[in-house]
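These notes are about the structure you will find just below.
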Amino acid sequence: MNKPVVVSEAAPVVQVPDVTPGFAVKAAAAGPAYVVLAGISFSHFLNDTMQSLIASVYPILKDSYALDFAQIGLITLAFQFTASLLQPVVGHFTDKKAQPFSLAIGMGFTFFGLLLLSVAHAYGVILIAAALVGLGSAVFHPESARIARLASGGRYGFAQSVFQLGGSFGTSMGPVLAALIVVPFGQPSIAWFSSIAFLAIVILWRIGVWYRPQIATRKLATVERHPDAPDQRRVRTALIVLVALLFSKQLYVSSLSSYYIFYLIDKFGVSTQAAQLYLFVFLAANAAGAFFGGPLGDRFGRKYVIWFSILGALPFTLALPYAGLFTGAVLTVFIGLILSSATSSIIVFAQELMPHRFGMISGVFFGVAFGIGGLGAAVLGKLADHTGIAFVYQICAFLPALGLLAVFLPKMPKSLR
């Protein structure tokens, strides 16, 4: 993993004068650094597995500490709001000075957050533990997205999808692990998952060893606009649209990941363990769909993938509140497959719009995703306390209609994708 790999960080919408003309060609010909991509994706899997435990143990925390839905939402907010605030800051800092071993250090916050959550006996301590896990996420995502791009060999959408696949699959494993381990053995068993954090620290340290020479050989270059790139006004408009599309996607996913268990228990009377397995079905479909969006965007254009991914889920989300238990599970599979394929295309599209602010843009979009999820979970929890959890899903069903905003995205020249 620590052998030098010839890669190029030059974004497709810029011209870099001090890079030799054949450098990017050689990087593309060499193809992706699969070992590095596999390592960073597996680390994303471990990271998001640990994060998803927080939502998966909500029924245990709710019963143990007599929490209402609003307090459950605040736990999600404490975790995701920390990540939302700090990710753009981390991305901006690493744009100026990359830190090869920051990923391993950030994972240490997750390690201590899990240990604290396993012994927490007060609501305030639970919030602090969730915030520590969010801090680890803030450090992890912007720089790991940069490493995925470095190792892409020019296949940026593919690399981002491989990276996202690890995270999405990790998120889907949380409910299963909670059902098999945390529910039978209780809150203290969360400490067992700190061993996963330790494994991730070891892997990320090795990736840092590979990353360090890439930083040492990277030259500062004058970034010039490509003549066919969108102007600044259209770039700003496109970024606002992409944030809105990410809002519609992430808020809907947050509504399912945070409250779907309670919805199934309330409407169909299933057990907590059974509800967690139904949530796993949705999250596993979400993980599978995350892989296809990037390669399809590389081939057909990211704008078309975004159109299909957001708006295409609308018929299924509208039908879900009125479906039975089995039919609803089938609908969540289609929703997860279609909706999650947008993530890679949205992030790479934004990176190509502002390649000179790669870390900051990655941090903003990952941060917005976390922040929207956290704020939305808190608001939806408050709404559920007053109107019932079923009404929440009737409202959220219309969120994918925001996919119509994709009409305002600029058409990127083929050479820039």
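The values are calculated or read from the model by the stated rules, or taken from the named source; none is laboratory data. Everything quoted here is computed from the prediction, not taken from an experiment. Cβ sites come from the backbone with ideal geometry, for glycine too, and all protein chains shown count toward neighbours. To get the accessible areas, we keep the full protein, side chains included, count just its heavy atoms, and leave off ligands, DNA and RNA. Shrake-Rupley method; radii C 1.70, N 1.55, O 1.52, S 1.80 Å.
With an a/c value of 1.5 or above and a/b not larger than b/c for the gyration tensor axes a ≥ b ≥ c computed over the alpha-carbon atoms, region 182-334 is described as oblate. For region 161-176, backbone phi angles converted through the Karplus equation (6.51, -1.76, 1.60; θ = phi - 60°) give residue-by-residue couplings of 5, 4, 4, 5, 4, x, x, 5, 5, x, 4, 5, 7, x, x, 5 Hz, Gly and Pro being listed as x. Surface composition of the chain: carbon plus sulfur atoms contribute 70% of the solvent-accessible area (1.4 Å probe, protein chains only, all chains present). Dipole check for the chain: with +1 at the C-beta of Lys and Arg, -1 at the C-beta of Asp and Glu, and the Cα centre as origin, the magnitude is about 1160 Debye.
Think of the chain as a dipole: +1 on every Lys or Arg Cβ, -1 on every Asp or Glu Cβ, centred on the Cα centre; then among W192, T82, L325, T82 lies furthest on the positive end. Taking all protein chains into account, the per residue accessible area for the chain stands at 39 Å² (1.4 Å probe).
Highest mean packing comes first when the peptides 118-125, 105-112, 285-292, 248-255 are listed by Cβ atoms within 10 Å, giving 248-255, 285-292, 105-112, 118-125. The spacing between region 237-266 and region 302-378, judged by their C-alpha centroids, is 7 Å.
Centroid-to-centroid, using Cα positions, region 116-152 and region 272-298 are 21 Å apart. In terms of its C-alpha gyration tensor, region 278-414 comes out prolate, because a/c is 1.5 or above and the ratio a/b outweighs b/c. Against the chain, whose longest principal axis is taken from its Cα atoms, helix 232-268 shows a tilt of about 30°. Adding -39500 (n - 2.57) for every DSSP H run of four residues or longer, then dividing by how many residues the chain holds, sets the calculated 222 nm ellipticity at -25500 deg cm²/dmol. From the Cα gyration tensor of region 79-126, with a ≥ b ≥ c the square roots of its eigenvalues, which class applies: rounded if a/c is under 1.5, or else prolate if a/b is larger than b/c, or else oblate? It is oblate, given that a/c is not under 1.5 and a/b is not larger than b/c.
The shape of the chain can be summarised by an equivalent ellipsoid whose semi-axes, obtained from the alpha carbon gyration tensor, come to 35, 25, 17 Å from longest to shortest. The residues packed around T94, meaning those with a beta-carbon under 9 Å from its beta-carbon, carry a net charge of +1 if Lys and Arg are +1 and Asp and Glu are -1. Here's the picture: charge each Lys and Arg Cβ at +1 and each Asp and Glu Cβ at -1 in the chain, and of G170, I126, G153 the one pushed furthest to the positive end of that dipole is G153. Between 0 and 90 degrees, rounded to the nearest ten: what's the tilt of helix 342-353 against the longest Cα principal axis of the chain? Helix 342-353 sits at roughly 30 degrees to that axis.
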